Amino acid sequence: MAFSIKTFAMAAALGVLAAPACAQSAATPWELKPDTGYAYDKEGKTFSYKMGTSNAGELLKGAKKVPKGTLFFIGHNGQLYMRSGQYLEGDGRFKFGPDQ
């Protein structure tokens, strides 16, 4: 089963965003693992898969790089979204953070 890089990144984002949210203002880095595929399936469930290299060419066929500066988030409807563009304020705070 082939996974695109876009699917991989979106599923990884979902896994990070689905974790319980703490009232914090500091960003925490993702810890994506090498040789692991992350999937966001048609029912909105997330999975991780151990990957091999024997069919890496097939995996990359049709895959697209995720642009730097991309934000992933879950909408109120439970749908995973991605947004390219500025998401930090001039002082480095998250533009879409909780009201203060």
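Some observations on this one:
- Extension gain, SER84 back to GLU43 (0.36 nm per residue minus Cα-Cα distance, nm): 12.3 nm
- Fraction in percent of alpha-carbon pairs per bin - 10 Å, the range 42-100: 15, 32, 33, 16, 3, 0
- Among the chymotrypsin sites (Phe, Trp or Tyr not before Pro) in the range 51-100, those placed in a DSSP loop whose Cβ has at most 12 other Cβ atoms within 10 Å are PHE96.
- For the range 23-88, the list of trypsin sites (Lys or Arg not before Pro) that fall in a loop by DSSP and count at most 15 other C-beta atoms within 10 angstrom reads LYS42, LYS45, LYS61, LYS64, LYS65, LYS68.
- Heavy-atom accessible surface of the range 49-91: percent carbon and sulfur, 1.4 Å: 53
The values are calculated or read from the model by the stated rules, or taken from the named source; none is laboratory data. Quick caveat, the model's predicted, so the values are computed rather than measured. As a convention, Cβ positions derive from the backbone with ideal geometry for all residues, glycine included, and neighbour counts pool all protein chains shown. Ligands, DNA and RNA are stripped out before the accessible areas are found, and what is left, the full protein with its side chains, is counted by its heavy atoms. Shrake-Rupley method; radii C 1.70, N 1.55, O 1.52, S 1.80 Å.
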